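Asks: Handing you a structure now.
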Amino acid sequence: MSLGPMFARIAQIETAFSDPAALTGSGSLPSTLSSANSTAGATSVSASSAATFANLLQSVVSPEATATEALIGGDGSGDDSASAMLPSGDPTLDAALQGLLTGSAGLSASSLSSPVASIATATPAGNPSIVAIAEGQVGQAEQPLGSNNGPAIAMYRSAVSESCPGQPWCADFASWVSKQAGMPIGEEGQGYDAVSQIWSWAQQTGRAIPNGPGVVPAPGDLICFGDAHVGIVTGVQPNGDVDTVEGNYDNRVVNNVRPSGEATGYVNMTP
């Protein structure tokens, strides 16, 4: 089922719960529904009421198959539970409908729109290993500060075959974290000490994601700021801001928050 029709059907179902008579086009409900508990916190209705309401709802969800047909088992024995409804073809809508009719999972009519809305806003799963390894380095710093050097920075440089001491190390850090997570950067996993090299590799391998409206990075993706800086995405906030761990930010590894439009692009590091 496409999203457009599903939205329309969900709106009809929500209307039905606020005014069930709207489904029948009359000013009163069928007598079988008169005893049903219509309180928002209700957890169950009688079998006959559920079946009748299921008929009404199914006429909205799937005109091709009524709930009466759904309540009859394949062997003709029948099933008077609302959970036996035939699927509408959309898993999200099916789950919501069954929860509403059976009172399971605390679902209410208003909750129908929530799973649909989350489709557009959910953050992809990404690469949790990269996130965990990056978070474990927060607080590491140059020694002395401003030297682009120190024991931790030397460890990050070890993941880049051509890295040089004393050079900016944000790309070294991203290369080291990625390698530790089993996702080494570079054609041969050699890592890079320049952001431009990381982006070129991402473009060549189909991992480059230019930033723009509607772009939502996944945790573990690399976040690039032109050729100047690179960090690691650890999450996305409800307002779109991007949580990061960044090496060589104020001479150390830090947690940071970046406005959604600040990055120039992301490197997909999902396995």
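Asks: Among the listed residues Gln203, Gln197, Gln180, which satisfies the condition of being within 29 Å of Asn239 (Cα to Cα) and polar (S, T, N, Q)?
Replies: Gln203
Asks: Looking at Val177, Val195, Val160, which one is touching a strand residue (DSSP E or B) at 6+ places or on another chain (Cβ under 7 Å) and without any contact (Cβ under 8 Å) to a residue 40 or more places away in the chain?
Replies: Exactly one residue qualifies, and that residue is Val195.
Asks: In addition: Mind listing just one residue for me: the one in the stretch 241-253 that is in contact (Cβ under 8 Å) with a residue 40 or more places away in the chain and among the hydrophobic types (A, V, I, L, M, F, W, C) and, of those, farthest from Ile133 (Cα to Cα)?
Replies: Among those residues, the one meeting the criterion is Val253.
Asks: Can Pro165 be described as at negative phi, at pLDDT below 95 and in the same structural domain as Gly231 (by TED's automatic domain parsing)?
Replies: So Pro165 fits the description; yes.
Asks: Related question: With the condition kept exactly as written, say whether any residue in the stretch 254-263 is of a type in the set (A, V, I, L, M, F, W, C), without any contact (Cβ under 8 Å) to a residue 40 or more places away in the chain, loosely packed, with under 14 Cβ neighbours inside 10 Å and in the same structural domain as Gly150 (by TED's automatic domain parsing).
Replies: There is at least one residue in the stretch 254-263 that is of a type in the set (A, V, I, L, M, F, W, C), without any contact (Cβ under 8 Å) to a residue 40 or more places away in the chain, loosely packed, with under 14 Cβ neighbours inside 10 Å and in the same structural domain as Gly150 (by TED's automatic domain parsing).
Asks: Could you list, in sequence order, the residues of the stretch 162-173 that are in contact with a Phe, Trp or Tyr (Cβ under 9 Å, 6 or more places away or on another chain) and surrounded by 14 or more Cβ atoms within 10 Å (Cβ to Cβ)?
Replies: Passing the criteria: Ser163, Trp169, Cys170, Ala171, Asp172, Phe173.
Asks: Looking only at the stretch 163-174, count how many residues are assigned to a loop (DSSP other than H, G, I, E, B) and in contact (Cβ under 8 Å) with a residue 60 or more places away in the chain.
Replies: Qualifying residue count, the stretch 163-174: 2.
Asks: Residues in the stretch 186-207: is at least one in a loop (DSSP other than H, G, I, E, B), in contact with a helix residue (DSSP H, G or I) (Cβ under 8 Å, 6 or more places away or on another chain) and surrounded by fewer than 15 Cβ atoms within 10 Å (Cβ to Cβ)?
Replies: Yes, the stretch 186-207 has at least one match.
Asks: Something else: Kindly establish whether Ala159 is over 29 Å from Gly261 (Cα atoms), outside any loop (DSSP other than H, G, I, E, B) and either in contact with a Lys or Arg (Cβ under 9 Å, 6 or more places away or on another chain) or not aromatic (Phe, Trp, Tyr) (or both).
Replies: Details: over 29 Å from Gly261 (Cα atoms): yes; outside any loop (DSSP other than H, G, I, E, B): no; either in contact with a Lys or Arg (Cβ under 9 Å, 6 or more places away or on another chain) or not aromatic (Phe, Trp, Tyr) (or both): yes.
No.
The values are calculated or read from the model by the stated rules, or taken from the named source; none is laboratory data. What you are looking at is a predicted structure, and each value in this text was computed from that prediction instead of being measured. With ideal geometry, Cβ positions are generated from the backbone for all residues, glycine too; neighbour counts draw on all protein chains shown.
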